[in-house]
Amino acid sequence: MTAYVLQRLALMLVTLFAIITLTFFLMHAVPGGPFVSDKMMAPEIQAAINAKYHLDDPIWVQYLNYLRGIATFDLGPSFKYAGMSVNEIIAQGLPTTLKVGVLALICVVSLGVPLGIVAALNRNRWPDTLVMVIATIGVAVPSYVIATVALYFFALRLGWVPTFGLDDWRGYFLPVFALSGFWISFIARLARSSLLETLQMDYMTTAKAKGLKPGQILFKHGLRNSLIPVVTVLGPVVANLITGSFVIEQIFALPGIGRHFVLSITNRDYTAIMGITIFYAAVLMVMIFIVDMLYLVLDPRIKYREAR
Amino acid sequence: MSDIHVAPEMWKPAARIAGAAEQIAAPSLTYWQDVRQRLWRNRPAMLGLGFIIVLVIAAIFGPMVSRHNYYDQDLKLSNIPPVFQVYEVTDESGATTRFFFNSGNLNLYEVTDDGRIAGLIRGKKDLLKKQTVFAFGDVEVTLNAATQTLTRGGGVVLAAGGWQWNMSNLFGTDQLGRDVLARQLYGARISLTVALVATLVNFFIGVFYGGIAGYLGGRVDTLMMRVVEVISTIPLTLYVILIMVVFNSGFFSVIIAIGSVYWVDMARIVRGQILTLKQQDYVAAARTMGASTGRILTRHLLPNSIGPILVALTMLIPSAIFIESFMSFIGLGVTPPEASWGTLTSEAVETLRAYPYQMFFPAAAISLTMFAFNFLGDGLRDALDPRLRT
Amino acid sequence: MSQPLLSVRDLRTSFFTSRGEVQAVRGVSFELRPGEILGIVGESGSGKSITCMSLLGLLKSNGKVIAGSALFEGEDLLQLDDRDLRRLRGDEIGMIFQDPMTSLNPTLTVGEQVIETILRHRRISRAAARQRATELFELVRIPSAAKRLRSYPHEFSGGMRQRVMIAMALSCDPKLLIADEPTTALDVTIQRQILALLRELQSRLGMAVILITHDLGVIAETADRVLVMYGGMVMEEAPVRRMFARPSHPYTRGLLASIPDLRDGTHQRLTPIPGSPPDMRRPPAGCPFAPRCRNAMAQCVKALPPIYEVDAGHGSRCWLHHAEAPRVEGINELVPA
Ligand SMILES: Nc1ncnc2c1ncn2[C@@H]1O[C@H](COP(=O)(O)OP(=O)(O)OP(=O)(O)O)[C@@H](O)[C@H]1O
Ligand code: SF4
Ligand SMILES: [Mg+2]
């Protein structure tokens, strides 16, 4: 078990390291990127970056400097906003992104899983059909389409919710809905097929042959096993909720990290792009680690399988 | 007990038998015939396939036969809807003018009898009274901007005639006066090409990588799979974005970005297939008979892995379409005036308040395509794996 | 002769699939006396498992018992409602399945899986149930029983898992134990241990056993009486000695022909008779074995033979036992010594 935890931890760090390295060298490949001296740049930013990364040093020294910065949670100065650090940009957007993202995650789990279960237990009857139709729509229609259509009808036409911002609590509805729509559907489909598969397992027949009651069989033997695949995808789900938020924050004009990210892309604020990417990746690694630990609790086989 | 009457000739040996066993057994279908039959019976999957075929044909030939192209702008004829209500005004000399009123930009456009747009009708703006006066011969029509009504001469409200489909621009025009249908067709071309090429690139990388890992096995395999594990934990959308930043927006950058990133699942599938197939006897047999590695891979292993790979491919295409449109939507995809479903949607979002209907065609196009590929993919998976059905 | 414990009459079970009705069991009748071991053999797909699953209402949702009765201690199992049937399952009737790898829930400890069965049927405390589970583990000879209760199935070998399954099935002292190919998935040496254990437990606890298997050797060593199934029907039924000494059905003879010598103790799987079993979506009107039978006659194709009682307690479903049928050596004519 400790071996498994350590292994996961190692994988997480290796991945993060790979991401940082890849990001650094990709950005370095950009003509006019952050690690080349450029006369066009605002002098104070040039000075700040120079002070930070010593642009006259060889590339690997700069790389080490950058790594050292990250190790102390310092993502460096912004490339476009004089006097602003990437840390500050992230800190500005974080609350908004976090609020919407966490709400969306709650929706995904608390709606997706029950819908999938209801569908599986009513296989080929109307609740199943209904869930599957909705889930298919949710999986097929891109989130930005859902977002704009919802924006038009509920905000512009009906005026039930504000068109932008989160000042009003009703402002959360559409962004959270648009962000989580795909993943609710995805999780519902996954939970359904996983439960259907579990119901086919031999040990479910055993449970029945022991005379257990249907509720006992479903909750004790069925759900736990069928939730394992659902838990495994929660890591990627969080990743996608994060990256999905670029568009959602854009459409609803929410001042979150995603919007800053898109802005820094349009502004070519290279250090901000790098910093936010690495921040995202770090958040993600932590989430995946948490999911791995959750997995450990749910599936006792893991301890042995992974600890070769 | 044994008193049942049986005619004596019934004790003769039964007419034999060679074919009898087969006759009684169900007509046994080969696996692939079976798959095809199940797929054929799956209505959503077949509808999806039909839609995809129509779409591909439209994307290839549509731009060739269209009267418009995707880049010609005509600002005088911008934001024309695909359908409108026609008004008619007849002046004293008996000449009738047909026109429609575009409530989004408060313009009147003349319409020919067969529904084509003849041009913008100029009027005199009265900014104080917030109204515009149009002269048709000696008849004056007044447009009240606040109430959006048209009145004639002495204050008679002009009644709208029937609905008319826009025969000049079947899907209307966008904010720069470009034909939406032509842009849609062109956008389909771009989106489908990007998706297809990117999927193929992923396919080859994945098959190559997974094939080598699975075939060589041992420590090489372990190492290669560790790399895959690392890659699959990286949030790939971020990487597509970074690559787009490095290469700058554009058609080829999108293909490179998407094509180089999403091969991990394919590699896993191929490796898994090859590992199981490697155990099987006929591969060993081929090897003892001196078949080369390449030959074993192409002749024995790949044909058997084709099912799961096919499913993964059909699922990869819609994700590629989606990611391309996503990139275009946040301004990293193809560059204007080129069009893709993402740029078309984001252009429509810009005019959402004034012309909400402009959202309809791009949203419908991408959604239907996603439906089609999803249905086809689901159908394929069910057809290949009958266990999951009843 | 004592009262039968279980008496099955004309059981018919079908599955309704997208490709039509599969008639898996087509009129099976048999009796089981208390303490008796009944072996059921037959090729794959002959309906052995479905027969037993039908009795306990364990069919998949597309399966349905069409007709028949199954009196267990005077109650018709097929007429019981769900709740009463659930009371019987795991209590009066225990069941063991073929694959101990997949029949245990991988995410619960084996102890929990035994204990929940006991708690379901007995009004005792959890501690008492745990005590009982430990005794059961000792009974099926799982070493360091008390400790092993806390293990998960994947921490056991196949043979040990099957012991867990047996402990679970016996946890409430059932009157009837149904063992569906309990050894098929195990190594040969483990198979022998498990069978020996089953035999020993049966003689100690005295429950009746239905033992389904492919392995005629297992039948010869274990069963009191044998049922040979084919195409969803009972083809031959006889006391075990008689079955091996005087098989009276061409199908049984085909099965036995493939066994070199039982007495030297080599266990031998059935080697298939040429041809394939009938498609149960369109079962033949006559004898289901006719397409593969060396002795098939015009009458066999036309009509289903009844079961002829060729000796006391020995029935055979074959037209050759008709008084006017032609003589065939070994079946309706004595083999010359
Ligand atoms: N869920 C199902 N749907 C359709 N047909 C089924 C289903 N389950 C079983 N059958 C059919 O019922 C028939 C009898 O199956 P059964 O499992 O009783 O065979 P068996 O004698 O136990 O074989 P084996 O030795 O392989 O266990 C088979 O022809 C099988 O195809
Ligand atoms: S009834 Fe006819 S076909 Fe069937 S086993 Fe007897 S002889 Fe063979
Ligand atoms: Mg069976």
Relative to the Cα centre, what is the charge dipole magnitude of the protein assembly as shown, using +1 at the beta carbon of each Lys and Arg, -1 at the beta carbon of each Asp and Glu, and rounding to the nearest 20 debye?
-> 1640
Roughly to the nearest percent, how much of the accessible area of the range B:87-162 is carbon and sulfur, given a 1.4 Å probe?
-> 48
For B:Ile274, A:Ile137, write out the residues from largest to smallest accessible area, computed with a 1.4 angstrom probe and no ligands counted.
-> A:Ile137, B:Ile274
Could you work out which residue, out of C:Ala290, C:Ala196, C:Ala312, moves most in a Gaussian network model of chain C, that is, has the largest mean-square fluctuation with Cα springs under 10 Å?
-> C:Ala312
Determine the order of C:Glu138, C:Glu31 by accessible area, beginning with the largest, at a probe radius of 1.4 Å.
-> C:Glu138, C:Glu31
Scan chain B and note any complete DSSP helix (H) whose C-alpha atoms cover at least 20 Å along its axis and whose Kyte-Doolittle average is -1.0 or more.
-> B:43-65, B:180-216, B:218-233, B:264-279, B:302-329, B:360-384
Which links in A:Lys208/C:Lys60; C:Lys60/C:Lys175; A:Lys210/C:Lys175; A:Lys210/C:Lys60; A:Lys210/C:Lys64; B:Lys12/C:Lys302 stretch past 18 Å when you go from one Cα to the other?
-> C:Lys60/C:Lys175; A:Lys210/C:Lys64
Neighbours of B:Glu88 by Cβ distance under 14 Å: Lys/Arg at +1, Asp/Glu at -1, summed charge -1
To the nearest 500 deg cm²/dmol, what mean residue ellipticity at 222 nm is calculated for chain A from DSSP H runs of n ≥ 4 alone, each contributing -39,500 (n - 2.57), summed and divided by the residues?
-> -23000 deg cm²/dmol
Global form of chain B, assessed from the alpha-carbon gyration tensor, a/c cut-off 1.5 | oblate
Find the accessible area per residue for chain A; the probe is 1.4 Å, ligands and nucleic acids are left out, and the unit is Å².
-> 44
Cβ-isolated cysteines (cut-off 4.7 Å), chain C = C:Cys52, C:Cys172, C:Cys293, C:Cys318
Mean accessible area per residue over the range C:1-136 (1.4 angstrom probe, all protein chains present, square angstrom) is 41
Cα gyration tensor shape for chain A, rounded if a/c is under 1.5, else prolate or oblate | oblate
Over both sides of the C-B contact, add up the buried accessible area with a 1.4 Å probe and give it to the nearest 100 Å².
-> 2000
Would you tally the net charge around C:Asp311, using a Cβ to Cβ cut-off of less than 9 Å, leaving C:Asp311 out, and scoring K and R as +1, D and E as -1?
-> +1
Where a ≥ b ≥ c are root eigenvalues of the Cα gyration tensor, a/c under 1.5 meaning rounded, otherwise prolate if a/b exceeds b/c and oblate otherwise, the range C:167-230 counts as oblate
Given a 1.4 Å probe, how much area per residue of the range B:176-287 is accessible, in Å²?
-> 39
Length-normalised contact order for the range A:93-267 - Cα pairs under 8 Å, 6+ apart - percent | 33
Can you give the accessible area buried between chains A and C, summed over both chains, with a 1.4 Å probe, in Å² to the nearest 100?
-> 2300
Theoretical ellipticity at 222 nm over chain C - DSSP helices of four or more residues, -39500 (n - 2.57) apiece, nearest 500 = -8500 deg cm²/dmol
Chymotrypsin sites (Phe, Trp or Tyr not before Pro) lying in DSSP loop within the range A:119-167, provided at most 13 other Cβ fall within 10 Å = A:Trp160
Normalised by the number of residues in the range B:180-388, what is the relative contact order in percent for Cα pairs under 8 Å and 6+ residues apart?
-> 29
Proximal lysines to B:Lys124, defined as alpha-carbon separation beneath 30 angstrom and excluding residues fewer than eight positions away on the same chain = B:Lys76
Of the residues A:Leu151, A:Gly256, A:Val233, the Cα lying farthest along the dipole of the range A:93-267 towards its positive end, which is defined by charges on the beta carbon of Lys, Arg, Asp and Glu, belongs to A:Val233
Note to self, chain B gives a 222 nm [θ] from helices alone (DSSP H runs n ≥ 4, -39500 (n - 2.57) apiece, / all residues, nearest 500) of -17000 deg cm²/dmol
Neighbourhood net charge (12 Å Cβ-Cβ; Lys/Arg +1, Asp/Glu -1) for A:Ala155 | +2
Going toward the positive end of the dipole of the protein assembly as shown, with +1 on Lys and Arg Cβ and -1 on Asp and Glu Cβ, which of A:Met84, B:Gly94, B:Gly162 do you reach last?
-> A:Met84
Have a look at B:Met225, C:Ala323, A:Leu9 and report the one farthest towards the positive end of the charge dipole of the protein assembly as shown, computed about the Cα centre with Cβ charges (Lys/Arg +1, Asp/Glu -1).
-> C:Ala323
Could you give the size of the charge dipole of chain C about its Cα centre, using +1 on the Cβ of each K and R and -1 on the Cβ of each D and E, expressed in debye and rounded to the nearest 20?
-> 640
Using only protein heavy atoms and a 1.4 angstrom probe, determine the accessible area buried between B and A, summed over both sides, in Å² to the nearest 100.
-> 3800
Using a 1.4 Å probe over the heavy atoms of the protein chains, calculate the carbon and sulfur portion of the accessible area of chain C as a whole percent.
-> 51
Selected from C:Asn295, C:Asn62, C:Asn105 as most flexible by GNM, with chain C as the system and alpha-carbon contacts under 10 Å = C:Asn62
Using the Cα centre as the reference, give the magnitude of the dipole from point charges on the C-beta atoms of chain B (Lys, Arg: +1; Asp, Glu: -1; all else neutral), rounded to the nearest 20 debye.
-> 1120
DSSP beta bridges in the protein assembly as shown: the antiparallel percent, rounded to 5, is 80
Pop out the Kirkwood hydrodynamic radius of the range A:93-267 from its pairwise C-alpha distances, inverse of mean 1/r, in Å to one decimal.
-> 17.5
Expressed as a whole percentage, what fraction of the accessible surface of chain A belongs to carbon and sulfur atoms when a 1.4 Å probe is rolled over the protein heavy atoms?
-> 71
Name the aspartates and glutamates eligible as straight-distance cross-link partners of B:Lys130: C-alpha to C-alpha under 17 Å, and not fewer than 8 places from it in the same chain.
-> B:Glu140
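The values are calculated or read from the model by the stated rules, or taken from the named source; none is laboratory data. Everything numeric in this text was worked out from a predicted model, so none of it was measured. Please note: Cβ atoms are built from the backbone with ideal geometry, for glycine as well, and neighbour counts cover all protein chains shown. All accessible areas refer to the heavy atoms of the entire protein, side chains included, with ligands and DNA or RNA removed. Shrake-Rupley method; radii C 1.70, N 1.55, O 1.52, S 1.80 Å.
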